[in-house]
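The values are calculated or read from the model by the stated rules, or taken from the named source; none is laboratory data. Remember, it's a predicted structure, so these values are computed and weren't measured experimentally. Cβ placement follows ideal geometry from the backbone for every residue including glycine, while neighbour counts extend to all protein chains displayed. With ligands, DNA and RNA removed, areas are computed over all heavy atoms of the protein, side chains included. Shrake-Rupley method; radii C 1.70, N 1.55, O 1.52, S 1.80 Å.
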Amino acid sequence: MAGLRTESLFLNMGPQHPSTHGVLRLGLTIEGERVVDLFADLGFLHRGIEKLAESRTYLQFIPLTDRLDYLAAMSNNLAFVLAVEELLEVEVPRRAEYIRVMVAELSRLASHLVWLGAFANDLGATTPLLYCFREREDILDALELLCGARMTFNYVRFGGVARDATPAFVEKCRKFLETFDKRVDEYEELLTGNAIFLSRTKGIGFLSAEDARSFAASGPMLRGSGIQWDLRKDAPYSVYPEMDFIIPTGTVGDVWDRYIVRVIEMRQSARIIRQALDGLPEGEFKAKLPRVLKPAQGEAYVRVEAPKGELGFYVVSDGTTNPFRVKIRAPSFINLATLRVMCKEALVADLVAILGSIDIVLGEVDR
Amino acid sequence: MGDSSEENAAGRSTIIDLLIKTFPDSASVVQERINWPAVRVKLAVLPEVARFLRESPDLAFDYLTCVSGIDLKDRSPRFDLVYHLVSLQHKHVLVLKVGVGEDEEVPSLVSVWKGADWHEREAYDLLGISFSGHPDLRRILLPDEWKGHPLRKDYVLAEEDKFAGD
């Protein structure tokens, strides 16, 4: 075969491609089956949410945050509300804090379940998708009982939450948690020891700890690379310091490590929800605030550990009813930037697994 | 409440003092109300300050979590770039602010933190802030042929343009 020359080829992937999970376009330069270089073309879902914020009141902006990571809208609500509360300097009732932690963790479960199902599906395993969506359905039902919506909740409010947690909601959550751990065992039975799954996930898509830090990757991406960093522990907010849970980390930073980190996180989230249900205090669910909110001049950056990583809101107030500037630090956006280094010399077939392991939501990437 | 000012009170004075001592003519305390310790530096020393923050073992700001551009319309210089920095090792945080004039170029920080790449492209795309030394400065969210920079305060929205008489 001496004398044969390989030529690089440009391959277009997306924006309409089932494995790019939305409208993401990748431009691949390939040599044979190997990816030599790639670029990501974003913005197909750009709605100018940061600009829209400037012509809305603080309260009117909460429903728009639902449209960022729409698979875990409660976390978005929470992050924005915490940032504005930092400007307003309000005291939040303890009952509201407990409810917030509960819904944030339910959101994490819902988000991780969609990820797990879709990721397994990308690799050719169809069954986990059906199982994961079955459990997610229970979570959405519970959240619907709480606020009437299944995905775009608009539930967390300045000073608390929109409605109190009813006994029916608590009952629904308890019932769900009774079986959830066994369900995770089932997923693991299907995947964790599965030889095909192992060969498709182990040893590909490496992200070194050094790169993870330098790119400011966050969430399971950062932890998968062996860095123990979780904002719920390392920059605690709400009532997370009162909760007992562990932070899983990976060892080498490949696709498998990110998978196993998320699976363990699901079990830990269930633990947190159980503790929040047990400890749910009586009392008010919302602090009294003026009808028209005008935070004093100033600015705040507040970050929460969303399912995909560090979700930050940088809110600048000029003392009027509308924010002067809202910058959204979207974890999917930052994590996606690492794709290029993770795919160096990867097989085209592995690209799907590597991209899937980032867990992106284009609503949040494009904003 | 997350990231409250008390949490970082211990680290606050020392980091800021150290910065002002190291860059006496170019760094100053930020006066505005802000929930993280903050320093304003001059544009010319930005790369030096960035490298100092990252490489000093006591500071070790290894994690550039967010870069935001703001259009302050009437102020001169017109824009502010706000860098939110975290040290995963020491768990302390810092805000770095630089003022940028309309015709000025900001030295890119991609060589210090790789994550600065897409942040800078975003600021370029949505605010029209230009960066020197960036490996691939193109629009990131809007199409290449887009006109204008939407996050500027004087940007005319499509509907305003259409229904100017309303």
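Given R₀ = 51 Å, what would the calculated FRET efficiency be for residue A:171 paired with residue A:5, taking r from the Cβ atoms and rounding to 0.05?
Taking R0 as 51 Å, the efficiency between residue A:171 and residue A:5 is 0.15.
Given springs between every Cα pair under 10 Å in a Gaussian network model of chain B, which of B:85, B:18, B:53 has the largest fluctuation?
Checking each option, the largest mean-square fluctuation is seen for B:18.
Do you know the relative contact order of chain A, to the nearest whole percent, from alpha carbon pairs under 8 angstrom that are 6+ apart? List each step's numbers first, then the result.
Numbers: 713 pairs, mean separation 96.9, N = 367.
Reported as a whole number, the value is 26 percent.
In a Debye calculation with equal point scatterers on the alpha-carbon sites of the stretch A:115-176 and no solvent, what is log10 I(q)/I(0) at q = 0.19, 0.22, 0.28, 0.29 Å⁻¹?
Here the Debye-derived log intensity ratios amount to -0.76, -0.87, -1.07, -1.11.
Roughly what angle does helix A:255-279 make with the longest principal axis of chain A, taking Cα atoms, 0 to 90 degrees, to the nearest 10?
Helix A:255-279 sits roughly 20 degrees off the main axis of chain A.
Taking the Cα centre of chain A as origin and charging only Cβ (+1 Lys, Arg; -1 Asp, Glu), how large is the dipole, in debye to the nearest 20?
680
Nearest 10 degrees is fine. How inclined is helix A:348-358 to the longest principal axis of chain A, computing both from alpha carbons?
Around 20 degrees separate the two axes.
Quick one: what are the phi-derived ³J(HN,Hα) couplings along the stretch B:142-155, Karplus 6.51/-1.76/1.60 with θ = phi - 60°, whole Hz, x for glycine and proline?
So the J values, rounded to whole Hz, are 9, x, 4, 8, 4, 9, x, 10, x, 7, 6, 5, 9, 5.
Share of Cα-Cα pairs in the stretch B:52-166 beyond 17 Å, in percent? Present the calculation step by step, with values, prior to reporting the outcome.
Numbers: 3931 of 6555 pairs.
Of all Cα-Cα distances in the stretch B:52-166, 60 percent exceed 17 Å.
Name the GluC sites (Glu not before Pro) in the stretch B:45-127 that are in a loop by DSSP and that have at most 13 other C-beta atoms within 10 Å, would you?
Working: sites: B:48, B:55, B:102, B:104, B:105, B:120, B:122; in loops: B:102, B:104.
Passing both the DSSP loop test and the Cβ count: B:102.
Probe radius 1.4 Å, ligands and nucleic acids left out: can you give me the accessible area buried at the B-A interface, summed over both chains, in Å² to the nearest hundred?
For B against A, buried area totals roughly 4200 Å².
Report, to the nearest 10°, how far helix B:116-127 tilts away from the longest principal axis of the Cα atoms in chain B, using its own Cα long axis and a range of 0 to 90°.
40
With unit charges on the beta carbon (Lys/Arg positive, Asp/Glu negative), name the residue among A:140, A:28, A:352 whose Cα is farthest towards the positive pole of the charge dipole of chain A.
A:140
Using alpha carbon coordinates only, what is the Rg to Rh ratio of the stretch A:175-325, with Rh defined as the Kirkwood radius?
Reported Rg/Rh, Kirkwood definition of Rh: 1.07.
Please count, across chain B, the pairs of lysine residues with Cα atoms under 26 Å apart that sit 8 or more places apart or on different chains.
Eligible lysine pairs with Cα atoms under 26 Å apart amount to 17.
With a 1.4 Å probe and all protein chains left in place, how much of the accessible area of chain B comes from carbon and sulfur atoms, in whole percent?
With neighbouring chains kept in place, the figure for chain B is 50 percent.
When averaged across all projection directions, what area in nm² does the alpha-carbon convex hull of the stretch A:47-339 cover?
14.5
Stretched out fully, how many nm does the piece from residue A:292 to residue A:280 gain, at 0.36 nm a residue minus the Cα gap? Mind showing how you got there, number by number?
Values: separation 12, 0.36 × 12 = 4.32 nm, distance 2.99 nm.
Here the segment from residue A:292 to residue A:280 would lengthen by 1.3 nm.
Divide, for the protein assembly as shown, the radius of gyration over alpha carbons by 2.2 N^0.38 Å, where N is the residue count.
Relative to the rule-of-thumb radius for its length, the protein assembly as shown sits at 0.96.
For residue A:17, what accessible area in Å² do you get when you roll a 1.4 Å probe over the heavy atoms of the protein chains, rounding to the nearest 10?
60
For chain A, report the accessible area per residue in Å² (1.4 Å probe, heavy atoms, rounded to an integer).
That works out to 36 Å² per residue.
Per DSSP H run of at least 4 residues, take -39500 (n - 2.57); add these up for chain A, divide by its residues and hand me the 222 nm value, nearest 500 deg cm²/dmol.
Values: 15 runs with 177 residues, N = 367.
My calculation for chain A gives -15000 deg cm²/dmol from helical runs alone.
Rounded to a whole number of µm²/s, how large is the Stokes-Einstein D of the stretch B:5-115 at 10 °C and 1.306 mPa s, given Rh as the Kirkwood radius over C-alpha pairs?
112
Relative contact order, percent, of chain B when contacts are C-alpha pairs under 8 Å separated by at least 6 residues?
17
Let's see if you can work this out: charge +1 on each Lys and Arg Cβ, -1 on each Asp and Glu Cβ, no other charges. What is the dipole magnitude of the stretch B:5-115 about its Cα centre, in debye to the nearest 20?
160
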